[in-house]
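Please read the structure below before turning to the comments.
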Amino acid sequence: KILLEVRGLCASVNGTAILKDLDFTVRSGEVHAIMGQNGSGKSTFAKVLAGHPAYEVTGGSVLFEGQDLFALKPEQRARAGLFLAFQYPIEVPGVVNSQFLRLTYNTVQKERGNEELDPLEFDDFVREKMQLLEMSPDFLDRSVNDGFSGGEKKRNEILQMALLEPRVAILDETDSGLDIDALRIVAHGVNQLSTRDNAIVMVTHYQRLLNYIVPDFVHVMDAGRIIKTGGKELALELEERGYEWVSDEYAAAQ
Ligand code: ADP
Ligand code: MG
Ligand code: MG
């Protein structure tokens, strides 16, 4: 079943075109990796899908489970089951993490016609999810991401994913800032959340993460479009040979 279908997507920021005719299809049960040099447009792609207001869609279409994604507001996209873990999670001083997480969780549950949880019920539920990520319950009482280390912010993002059970989860450089132990724990958590009914899209620079979360497809992004797709072995080849040969190959084929 097709969950996400991106066709000819073009988007710009501050009048500069960043995404240029990007095609990308995700089916249920699949794990995708999007790799590419710094500045190739990976985060832009993730943010356009999430509905970040700074980015203007100038062409193309995106269907999310058959519905026009751009007809949905950012919060409606999240409720519909699209999840984005940001490369740079924002700090929200003054907003208690447990309250933020419960509000986020309940909003989605309500939308899906499920029971909302009161603070006590939620506390049990969220602690169980935190164990999966080996996160201390202390993080519940702190302000959202406020003073969290890079790795702690990334875990808090994956905790949100664990609570929301999205259909499509896009993880933007969730591996950056994680030491090897944290990487293993986070990867284990993501693998536990991967099912036949959902899909995971990992944006990463490094092959390393893909040793732990094995992708079905590896895509190379360059200058705002996907210029090559392969299996997991492509990531190893990129690690060894870099990205330039892919761009050369693509240019030669045009
Ligand atoms: P990646 O995640 O692949 O490293 P990005 O999507 O962050 O790449 O950036 C793609 C390009 O878009 C870069 O050249 C970057 O400088 C530019 N860009 C991204 N956001 C903005 C912005 N808000 N204003 C101007 N340029 C931007
Ligand atoms: Mg096209
Ligand atoms: Mg990026």
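What follows draws every value from the coordinates through simple rules; no lab data is involved. As the structure is a computational prediction, the values presented were derived from the model and not from experiment. Backbone-built Cβ (ideal geometry, glycine too); neighbour counts: all protein chains shown.
Hey, what did region 2-253 get for relative contact order, percent, Cα under 8 Å, at least 6 apart?
28 percent
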Legend entry - Alpha-carbon Rg with Dmax, taken over region 122-254, Å: 16.9, 57
Legend entry - Centroid-to-centroid separation of region 129-148 and region 17-46 [C-alpha atoms, Å]: 29 Å
Inset, instruction - Work out, step by step, the length gained on full extension between Ile180 and Tyr250: first 0.36 nm times the residue separation, then minus their alpha carbon distance; give nm to one decimal. - result: 21.8 nm
Legend entry - Theoretical gain in end-to-end length, Ser61 to Ser149 [0.36 nm per residue, Cα-Cα removed]: 28.0 nm
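When only DSSP loop residues count, what GluC sites (Glu not before Pro) in region 74-126 have their Cβ near at most 10 other Cβ atoms within 10 Å?
Working: sites: Glu75, Glu91, Glu111, Glu115, Glu116, Glu121; in loops: Glu91, Glu115, Glu116.
Counting only loop positions with at most 10 other Cβ atoms within 10 Å, the GluC sites (Glu not before Pro) in region 74-126 are Glu115.
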Legend entry - CD proxy at 222 nm, helix term only [per DSSP H run n ≥ 4: -39500 (n - 2.57); per residue of the chain; nearest 500]: -11500 deg cm²/dmol
Inset, instruction - Show the residues, 5+ positions off or on another chain, whose built amide H is closer than 5 Å to the amide H of Ala199. - result: Gly29, Val168, Ala169
Legend entry - Cα-projected label distance for Leu236 with Tyr206, points at 7 Å along beta-carbon direction, nm: 1.9 nm
Legend entry - Cα pair distances exceeding 29 angstrom across the chain, given as percent: 29 percent
Legend entry - In order through region 164-179: 3J(HN,Hα) via Karplus (6.51 cos²θ - 1.76 cosθ + 1.60), integer Hz, x for Gly, Pro: 8, 6, x, 7, 10, 10, 10, 10, 8, 6, 4, 7, 6, x, 9, 7
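Say R0 is 22 Å: what FRET efficiency, to the nearest 0.05, do Arg196 and Thr107 get from their beta-carbon distance?
The calculated FRET efficiency here is 0.25.
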Inset, instruction - Show the residues, 5+ positions off or on another chain, whose built amide H is closer than 5 Å to the amide H of Gln87. - result: Asp172
